[in-house]
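**Student:** Sharing a structure with you now.
The values are calculated or read from the model by the stated rules, or taken from the named source; none is laboratory data. Because the structure is a prediction, the values reported are computed rather than measured. So basically every Cβ, Gly included, is an ideal-geometry build from the backbone, and we count neighbours across all protein chains shown.
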Amino acid sequence: MSGFLDNVRCGECECVDWGEKRNAIASIAAGVLFFTGWWIIIDAAVKYPDMDRFNHSYHACGVIATVAFLMINAVSNGQVRGESYSDGCLGQTGARVWLFIGFMLAFGSLIASMWILFGGYVVTQKAEVYPGIAVFFQNAFIFFGGLVFKFGRTEDLWQ
């Protein structure tokens, strides 16, 4: 699963060598997604500063998604597969458990943001739905940014 983007082929262009720039492109795309997620929630917090229209405890989902982003990308694919040079603290099993917890936090924050959107804004038919949409899109952008950063890069170019 670590190289599922290896077989994705765009139109062949002889003027640009995408193979050497794959890591840079994936890193930039992940950074733009992460930045966009936080930009959306900052916009909602500035637009709705009072607690009755936008409960600021909803920022916890974005913080958990950010921690999950860091956890997912803290271990390399080589550590998960057991091809790492050092065993580390717990070895391959520890890396897999760490990655699993990171994905659980990422999915949990995404599901919680959906619950905030629908339970807090859509079902209650509040006048402003934008804060709920902002919380959801923040977590969705951070989640997909983490996936792009984890699986969009290749470790073959690191050597």
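**Student:** Can you find, within the range 24-65, the residue that is surrounded by the most Cβ atoms within 10 Å (Cβ to Cβ) among those that are touching a Phe, Trp or Tyr at 6+ places or on another chain (Cβ under 8 Å) and among the polar types (S, T, N, Q)?
**Tutor:** Among residues in the range 24-65 that are touching a Phe, Trp or Tyr at 6+ places or on another chain (Cβ under 8 Å) and among the polar types (S, T, N, Q), the one surrounded by the most Cβ atoms within 10 Å (Cβ to Cβ) is Thr36.
**Student:** What tally of residues in the range 122-134 results from selecting those that are part of a helix (DSSP H, G or I) and either free of Cβ contacts under 8 Å to residues at least 12 places away in the same chain or charged (D, E, K, R) (or both)?
**Tutor:** Of the residues in that region, 1 qualify.
**Student:** From the list Phe144, Phe137, Phe118, which residue is out of contact with any Asp or Glu (no Cβ under 7 Å at 6 or more places or on another chain) and either of a type in the set (Ser, Thr, Tyr) or without any contact (Cβ under 8 Å) to a residue 60 or more places away in the chain (or both)?
**Tutor:** Result of the check over Phe144, Phe137, Phe118: Phe118.
**Student:** Now a separate question. Can you pull out every residue in the range 66-97 that is surrounded by fewer than 19 Cβ atoms within 10 Å (Cβ to Cβ) and among the aromatic types (Phe, Trp, Tyr)?
**Tutor:** Tyr85
**Student:** Can you find even one residue in the range 122-130 that is surrounded by fewer than 21 Cβ atoms within 10 Å (Cβ to Cβ), farther than 30 Å from Ile25 by Cα and of a type in the set (Asp, Glu)? Walk me through how you get there before you give the answer.
**Tutor:** Step one: filter the range 122-130 for residues surrounded by fewer than 21 Cβ atoms within 10 Å (Cβ to Cβ), giving 122-130.
Next, from what is left, pick out any that are farther than 30 Å from Ile25 by Cα: 122-130.
Next cut, of a type in the set (Asp, Glu) only: 128.
Looking through the range 122-130, at least one residue is surrounded by fewer than 21 Cβ atoms within 10 Å (Cβ to Cβ), farther than 30 Å from Ile25 by Cα and of a type in the set (Asp, Glu).
**Student:** Which condition from (1) of a type in the set (Val, Ile, Thr); (2) touching a helix residue (DSSP H, G or I) at 6+ places or on another chain (Cβ under 9 Å); (3) more than 30 Å from Asn23 (Cβ to Cβ) is the one that Thr124 breaks?
**Tutor:** (2)
**Student:** For the range 63-78, which positions are closer than 14 Å to Gly102 by Cα and of a type in the set (Gly, Ala, Ser)?
**Tutor:** Ala65, Ala68, Ala74, Ser76
**Student:** Let me ask another. Residue by residue through the range 60-113, note down the ones that are at positive phi and assigned to a loop (DSSP other than H, G, I, E, B). Talk me through it step by step, then tell me what you get.
**Tutor:** If we filter the range 60-113 for residues that are at positive phi, which is where we start, we get 82, 88, 91.
Across the range 60-113, the qualifying residues are Gly82, Gly88.
**Student:** At negative phi, surrounded by 17 or more Cβ atoms within 10 Å (Cβ to Cβ) and at pLDDT 95 or above, is that true of Phe151?
**Tutor:** Values: at negative phi: yes; surrounded by 17 or more Cβ atoms within 10 Å (Cβ to Cβ): yes; at pLDDT 95 or above: no.
No: the conditions fail for Phe151.
**Student:** Select, from Leu99, Leu110, Leu90, Leu105, the only residue that is without any contact (Cβ under 8 Å) to a residue 24 or more places away in the chain, out of contact with any Ser or Thr (no Cβ under 9 Å at 6 or more places or on another chain) and not basic (Lys, Arg). Don't jump to the end; show me each part of the working.
**Tutor:** On the way: Leu99 fails: without any contact (Cβ under 8 Å) to a residue 24 or more places away in the chain; Leu110 fails: without any contact (Cβ under 8 Å) to a residue 24 or more places away in the chain; Leu105 fails: without any contact (Cβ under 8 Å) to a residue 24 or more places away in the chain.
Within the list Leu99, Leu110, Leu90, Leu105, the selection yields Leu90.
**Student:** Quick check on Gln138: is it under 17 Å from Ala30 (Cα atoms) and either in a helix (DSSP H, G or I) or aromatic (Phe, Trp, Tyr) (or both)?
**Tutor:** yes
**Student:** Looking only at the range 119-129, decide whether some residue is of a type in the set (Gly, Ala, Ser) and at pLDDT 90 or above.
**Tutor:** yes
**Student:** For the range 134-153, what are the residues that are in contact with a Gly (Cβ under 7 Å, 6 or more places away or on another chain) and among the β-branched types (Val, Ile, Thr)?
**Tutor:** Ile142 - this is the single residue of the range 134-153 that is in contact with a Gly (Cβ under 7 Å, 6 or more places away or on another chain) and among the β-branched types (Val, Ile, Thr).
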